[in-house]
Amino acid sequence: MNTLTKKKKFGYALGIFAESMPYNMFYTYYLTFLIEIAKIKPSLASIVIFISIAWDAITDPLIGAYGDSPKVNKNKMMKMSLIPLGVVFVLAWTAIGAGLTSQLAKVIVYSVITLLLWVFYTTYTIPYYAVVAEITEDYDERTSIRSLASLLNAVAIGLGNILPALVPTVMTLLGKKYETSAYAVIAGIISIGAIALGFVCCKSLNGVYEPKKNSDAKGITVKETLQTFGDIFRLKPTKWFLVFIFFYLAGSSMIQSNLTYMVIDCIGMSYDDGIAIVILSLVVFMAITVPIAEKIAMKTDRRFTCILFISLVAVGEIIAKLIGLDATIGGFKVMCIVCPGLLGIAAGAFWTFFYTMGYDLVELDELKNGVRRESVITALPQFFQKFGSACGILIAGQMLTVYGYDKSGDIAGNEALFAPVTDPHIISGMENISTVIPAILMIISVIGCILYPMTRKNVDKVMTQLEKKRNGEDYSLDGLDRLL
């Protein structure tokens with residue numbers, strides 16, 4: 001196996017910007033955009049997001065199976081998706097549906113656009129993550145590569161969240177006539193950066209990654225794709241890994257999609273002042289967490305590290321609710337640092353180890369079934385990742401309606417983009433969306449992680465027997481019953 005030089009590792013890691021900046025702008029602000037700019041009711045806005053991400057989750061298996069097909073070049077897949085991804089991303093943030101009077105028409109317009117967005121996004125991200133499993137099989141090197149990407153991801157998350165926070169400023173610069181284009185302007189800036197750094201990533205893989213060569217093999221049919229997913233799902237660790245993924249993403253996406261309302265209505269800060277502090281706190285805590293988590297994982301393993309950090313965050317969210325998000329120390333709203341800091345800690349651990357934990361299933365699958373399916377094994381977790389994220393945002397949007405928040409018809413004529421809520425019942429509900437409910441989901445995620453048996457010790461056992469199998473030697477599956 002070829003390995004990445006430090007320069008190429010850094011080039012590969014830069015590819016995280018093409019994945020993370022659009023992802024984070026979408027998950028943090030799109031619910032707000034649909035409600036406040038497109039003027040879609042919260043309950044319907046969350047359905048738009050759910051439909052698009054759920055559809056993307058369904059296409060993940062097909063894209064993953066295609067990526068594992070003979071002669072398919074993952075690097076080319078990434079390159080071909082970048083420009084369409086950037087173009088559709090900008091289109092998703094335009095106010096083309098704002099002038100429509102029918103809520104149904106708005107839902108259809110933005111659903112179709114976001115369906116396309118997520119297909120191009122997945123066509124880039126599945127090969128981007130899957131390629132690491134082909135480059136190296138070393139447990140710690142995989143952790144090292146993903147840790148560097150995760151550290152840069154803290155910067156990408158910052159840009160994906162901080163730049164859209166400038167929307168009110170851009171609105172002022174554009175003037176009343178064009179202020180609804182502010183999100184599209186920011187999306188354009190993010191798209192240019194994502195495309196450029198995505199191509200840098202693709203170039204870094206030249207000479208390191210080589211497509212699989214099998215001139216006699218045929219492409220994979222839909223039926224074979226479903227059978228392949230059945231093979232992966234029947235691996236005993238898979239179901240617990242998917243529980244871990246689904247419930248973590250559902251919880252974190254709820255918090256992320258509610259950040260704007262948390263700042264204004266729960267913490268009680270102005271949008272301009274509060275959102276900048278919140279995003280900075282999220283990024284700093286994530287950046288601090290990544291190297292610490294990497295060191296702990298090197299001494300223990302990835303599973304233990306995720307259990308440790310996500311458990312601490314879940315407890316922290318409950319404590320934050322008990323204290324109150326409007327708590328102050330010396331007049332300073334401390335929760336504008338604490339709450340996003342907790343999200344940053346969880347994100348630092350999860351995104352550093354999520355994909356590398358999945359890579360361990362590649363060798364397990366090869367030992368049991370005799371084939372390597374990096375893209376499929378990357379796509380299956382993404383399938384549940386997308387559904388988890390979609391469900392988290394759907395719950396957040398539905399809960400806003402349940403608690404009585406509906407501003408879809410209360411935007412025209414407002415001087416400010418976001419008008420603070422004064423009803424204590426609604427504010428308490430928004431607090432729950434940012435604290436207690438996600439905490440419960442993260443606790444379930446931790447339970448799934450505890451039951452996921454792919455520890456460093458078990459991965460070493462798998463690799464030992466797999467090497468014997470590859471070399472045509474006698475190998476044994478004794479002691480691997482829990483895994484196979």
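The values are calculated or read from the model by the stated rules, or taken from the named source; none is laboratory data. These figures come from a predicted structure and were not determined experimentally. Cβ: placed from backbone, ideal geometry, glycine included. Neighbour counts: every protein chain shown. Ligands, DNA and RNA are excluded from the accessible area calculation, which covers all protein heavy atoms including side chains. Shrake-Rupley method; radii C 1.70, N 1.55, O 1.52, S 1.80 Å.
Placing +1 on each Lys and Arg Cβ and -1 on each Asp and Glu Cβ, with no other charges, gives segment 122-245 a dipole about its Cα centre of roughly 420 debye.
When the accessible area of segment 199-354 is split by element with a 1.4 Å probe, what percent falls to carbon and sulfur? The nonpolar share, carbon plus sulfur, comes to 67 percent. Listed by chain and number, the lysines whose alpha-carbon sits under 25 Å from that of residue 295, ignoring those within fewer than 8 places in the same chain, are 6, 7, 8, 9, 457, 461.
The largest accessible area among 6, 223 belongs to the first residue in 6, 223, and the rest follow in falling order (1.4 Å probe, all chains). Projecting the Cα atoms of 44, 463, 432 onto the charge dipole of the chain (Cβ charges, centred on the Cα centre) puts 463 farthest toward the positive pole.
Residues in the chain average 38 Å² of solvent-accessible surface per residue, probe 1.4 Å, ligands and nucleic acids excluded. Computed from point charges on the beta carbon alone (+1 for Lys and Arg, -1 for Asp and Glu), the dipole magnitude for the chain about its Cα centre is near 960 Debye. Based on Cα contacts under 8 Å between residues 6+ apart, segment 1-114 shows a relative contact order of 34 percent.
Under 13 Å of direct C-alpha separation, and excluding same-chain neighbours fewer than eight residues apart, residue 71 reaches these aspartates and glutamates: 210, 216. Using Cβ point charges alone (K and R +1, D and E -1), the dipole size of segment 184-307 about the Cα centre works out to roughly 740 debye.
May I ask for the angle, rounded to the nearest 10°, between helix 374-402 and the longest principal axis of the chain, with both axes built from Cα atoms and the value confined to 0 to 90°? Once rounded, the angle reads 20 degrees.
To the nearest ten degrees, helix 16-36 and the longest principal axis of the Cα atoms of the chain are 30 degrees apart. Computed over protein heavy atoms with a 1.4 angstrom probe, the accessible surface ordering of 326, 231, 478, largest first, is 478, 326, 231. Annotation: lysines with alpha-carbon distance below 16 angstrom to residue 39 (same-chain offsets under eight excluded): 106, 407. If you line up the long axis of helix 236-257 against the longest principal axis of the chain, both from Cα atoms, how many degrees apart are they, to the nearest 10? Helix 236-257 sits roughly 20 degrees off the main axis of the chain. Taking the Cβ of residue 100 as the centre, find all other residues whose Cβ is under 15 Å away and add up their charges (Lys, Arg: +1; Asp, Glu: -1). Here the charged neighbours net out to +3.
Sorting check: for 283-289, 187-193, 384-390, which peptide has the highest mean count of neighbouring beta carbons within 10 Å, and how do the rest follow?
Numbers: 283-289: 21.6, 187-193: 19.6, 384-390: 24.9.
Top to bottom by mean Cβ count within 10 Å: 384-390, 283-289, 187-193.
Each residue of segment 98-110 is assigned a 3J(HN,Hα), and the resulting list reads 5, x, 6, 8, 7, 5, 4, 4, 4, 4, 5, 4, 6 Hz, derived from the Karplus form 6.51 cos²θ - 1.76 cosθ + 1.60 (θ = phi - 60°), x at Gly and Pro. For the charge dipole of segment 71-157, defined by +1 on Lys and Arg C-beta atoms and -1 on Asp and Glu C-beta atoms about the Cα centroid, which residue among 117, 91, 75 has the Cα displaced farthest towards the positive pole? Looking along the dipole axis, the top candidate is 91. Peptide packing for 86-98, 142-154 was compared via the average number of neighbouring C-beta atoms within 10 Å per residue; ordered from the highest value, the list is 142-154, 86-98. Our compactness index for the chain, the C-alpha radius of gyration over the empirical 2.2 N^0.38 Å, is 0.96. How much mean residue ellipticity at 222 nm does the chain get from its helices, if each DSSP H run of length 4 or more adds -39500 (n - 2.57) and you divide by all residues, to the nearest 500 deg cm²/dmol? One gets -25500 deg cm²/dmol as the mean residue ellipticity at 222 nm. With a simple spin-label model that places each label point 7 Å from the Cα along the Cα-to-Cβ direction, the separation between residue 76 and residue 58 comes to 2.9 nm. Computed from the Cα positions only, the extents of segment 4-98 along the three principal axes stand at 48, 29, 19 Å, in decreasing order. In terms of its C-alpha gyration tensor, segment 261-399 has a prolate overall shape, because the principal axis ratio a/c (a ≥ b ≥ c, square roots of the eigenvalues) is not below 1.5 and a/b outweighs b/c. Percent of Cα pairs in segment 142-183 per distance bin of 10 Å, from zero to the largest separation: 29, 28, 21, 16, 7, 0. Relative contact order of the chain, taken over Cα pairs closer than 8 Å and 6 or more residues apart, is 28 percent.
Ordered from highest to lowest accessible area with the whole protein assembly present and a 1.4 Å probe, 55, 351, 118 read as 55, 351, 118.
The Kirkwood hydrodynamic radius of segment 90-221, based on inverse pair distances between different Cα atoms, is 18.2 Å. In order along segment 265-278, the Karplus-derived 3J(HN,Hα) couplings, from 6.51 cos²θ - 1.76 cosθ + 1.60 at θ = phi - 60°, round to 9, 8, 6, x, 10, 6, 4, 4, 7, x, 5, 5, 5, 4 Hz, and Gly and Pro are given as x. Dimensions of segment 176-323 based on its C-alpha atoms, expressed as ranges along the principal axes with the largest first, amount to 63, 45, 33 Å.
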